[in-house]
Amino acid sequence: MSTVEHNYQTVCQRLHQACAECQRDPAQVKLLAVSKTKPASMVEQCYQLGQRSFGENYLQDALDKITALQHLTDIEWHFIGPIQSNKTRAIAENCHWVETVSRHKIAQRLNDQRPTSLPPLNVLLQINISEEEQKAGILLNELDELARQIHDLPRLTLRGLMCIPEHTDSEKRLAEQFQRMQQAFINLQQGYDQVDTLSMGMSSDMALAIQYGSTQVRIGTDIFGARH
Ligand SMILES: *Cc1c(COP(=O)(O)O)cnc(C)c1O
């Protein structure tokens, strides 16, 4: 068995185990394989194991792989990195999802640049749930307004929320942040029918995120190995 195959099976098992421990249906928790900095050949290997959704942080790195893997017609690309204005066109033209929207101006550009030949672009709003100053994302008190603005853009579909919690060993602090996300997600779902995605949980905190209602975990290291 290759390393990716072994790692992938282990992550899938851990995901199932984490769901079992909190009586959740594993079909309700999607696995996003975060392939940033890893070669297209590794993505294809993972695809052959049945994985379909991949996350990328860096635009050029993403575009190289999207081009190389065009023959995999049902692959799904999620952009999960910081978005600069001059990158929105390529993202709108090449990705299925963007998980890091936190400004109306960026959303407007993605909307305007989304090709009419493609379905609307799926959008998650990034929440700075730990309220750290240098961190990307909006504060929860800015959520209602940005959600309303994005809901009004016809070429975008607001699907939910994403967060990167504080980098800490404290499970208590992580749990508090995940719980606030869960509540914000439930509130948002009450206002918008298409909202179905709470993207939280990475290699180190997947099980805890699932306990707090995550519907999508983003796993890089534990599938593809450490990044250099
Ligand atoms: C890199 C990255 C991940 C994956 O993190 P791992 O710890 O390697 O699993 C998830 N989400 C975002 C936004 C990332 O940038």
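The values are calculated or read from the model by the stated rules, or taken from the named source; none is laboratory data. Worth saying up front: this structure is predicted, and the values here are computed from it rather than measured. Reconstructed Cβ throughout: ideal geometry from the backbone, glycine too, with neighbour counts over all protein chains shown.
Quick notes on this structure:
- Breaking point among (1) part of a loop (DSSP other than H, G, I, E, B); (2) touching a Ser or Thr at 6+ places or on another chain (Cβ under 9 Å); (3) under 22 Å from GLU56 (Cα atoms), for ASN122: (1)
- Whichever residue in region 95-129 is in contact with a helix residue (DSSP H, G or I) (Cβ under 6 Å, 6 or more places away or on another chain) and touching a residue at least 40 places away in the same chain (Cβ under 8 Å) and, among such residues, is surrounded by the fewest Cβ atoms within 10 Å (Cβ to Cβ): HIS104
- Taken together, the residues in region 28-61 that are within 12 Å of the ligand (Cβ to nearest atom) and not acidic (Asp, Glu) amount to 12.
- Counting only helices (runs of 4 or more DSSP H) that sit completely within region 1-79, those holding 2 or more residues that are touching a Leu at 6+ places or on another chain (Cβ under 7 Å) and at pLDDT 95 or above correspond to 3-21, 40-48.
- Search result, residues across region 172-198 that are within 16 Å of the ligand (Cβ to nearest atom) and either in contact (Cβ under 8 Å) with a residue 60 or more places away in the chain or assigned to a helix (DSSP H, G or I) (or both): LEU174, GLN177, PHE178, MET181, THR197
- Residue list for region 46-85, filter: of a type in the set (S, T, N, Q) and in contact with a strand residue (DSSP E or B) (Cβ under 9 Å, 6 or more places away or on another chain): GLN51, SER53, ASN57
- The residue list GLY213, GLY201, GLY220 contains one member that is away from the ligand (no atom under 16 Å from the Cβ), within 22 Å of VAL34 (Cβ to Cβ) and at pLDDT 95 or above, which is GLY213.
- Any hit, region 126-146, residues being in contact with a Pro (Cβ under 9 Å, 6 or more places away or on another chain), away from the ligand (no atom under 13 Å from the Cβ) and among the charged types (D, E, K, R): no
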